[in-house]
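Chemist: Input: one structure, supplied below.
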């Protein structure tokens with residue numbers, strides 16, 4: 001494996017630029033990369049996609065065993081380290097929201113298995129507030145930076161893998 005995909009990789013593609021009806025090649029490429037053990041996502045990403053109850057959820061169900069990994073012991077241990085970092089450095093309500101979703105599991109899985117995170121989120125400029133905590137929503141790239149995990153966006157991954165979407 002090389003890449004661990006965040007939920008927004010799937011959702012943004014589906015809703016915006018790689019909808020099933022206009023870019024089926026994108027989805028075929030994701031399946032091919034998963035079959036070649038290049039990409040995966042933690043199981044919590046699957047659960048977030050299922051909440052949509054749409055065509056993307058049906059696609060995820062059809063490819064559940066291929067794409068979505070159950071967290072192993074090392075991932076769980078790494079998640080605990082990330083949770084400690086987030087609760088230490090971020091405001092409580094933002095830390096709680098971040099830790100309740102798939103995002104920390106994406107980073108934990110990537111770090112535990114030496115993968116790069118693929119996300120459509122951008123690095124946020126952070127400055128600690130008067131309380132010594134970072135204000136605002138916790139972003140995947142910032143936690144990746146704090147934990148030494150490499151990250152990139154979907155388009156960089158597609159270019160690296162030489163995926164060309166043709167008509």
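Every number here is computed from the coordinates shown, using simple stated rules; none is lab data. All values derive from a computational prediction rather than experimental measurement. Using ideal geometry, Cβ is built from the backbone for each residue, glycine included, and neighbour counts are taken over all protein chains shown.
Chemist: Could I have the simple spin-label model distance between residue 97 and residue 150, label points 7 Å from Cα toward Cβ, reported in nm to one decimal?
Modeler: Here the modelled spin labels are 3.1 nm apart.
Chemist: Grab the DSSP H runs of the chain that are 4 residues or longer, score each as -39,500 (n - 2.57), total them, divide by all residues and round the 222 nm result to the nearest 500 deg cm²/dmol.
Modeler: -14500 deg cm²/dmol
Chemist: Moving on. May I ask you to derive the FRET efficiency for residue 23 and residue 127 from their Cβ-Cβ distance with R0 = 41 Å, giving the value to the nearest 0.05?
Modeler: E(calc), rounded to 0.05, equals 0.60.
Chemist: For a Förster distance of 35 Å, can you work out the FRET efficiency between the beta-carbons of residue 54 and residue 74, rounded to the nearest 0.05?
Modeler: Plugging the Cβ-Cβ distance into 1/(1 + (r/R0)^6) gives 0.60.
Chemist: By how many degrees, 0 to 90 and rounded to 10, does the Cα axis of helix 103-112 deviate from the longest principal axis of the chain?
Modeler: Result, in degrees: 80.
Chemist: Along the principal axes of its C-alpha atoms, what lengths does the chain span, in descending order and rounded to whole Å?
Modeler: Cα extents, longest axis first: 54, 31, 31 Å.
Chemist: Oh, and also: The range 126-167 to the range 26-62: how many Å between their Cα centroids?
Modeler: 20
Chemist: Return the single residue from 100, 122, 41 with maximal mean-square fluctuation; model: Gaussian network over the chain, springs between Cα atoms under 10 Å.
Modeler: Among 100, 122, 41, the largest mean-square fluctuation in the Gaussian network model of the chain belongs to 100.
Chemist: Dividing the convex hull volume of the Cα atoms of the range 73-150 by its residue count, what figure in Å³ per residue is obtained?
Modeler: Looking at the range 73-150, the number lands at 78 Å³ per residue.
Chemist: Using the count of nearby Cβ atoms within 10 Å as a rough guide to exposure, how do 140, 82 rank from fewest to most?
Modeler: Ascending Cβ contact count within 10 Å gives the list 82, 140.
Chemist: I need 84, 96, 126 ordered by Cβ neighbour count within 10 Å, fewest first.
Modeler: If I rank by nearby Cβ atoms, fewest first, I get 84, 96, 126.
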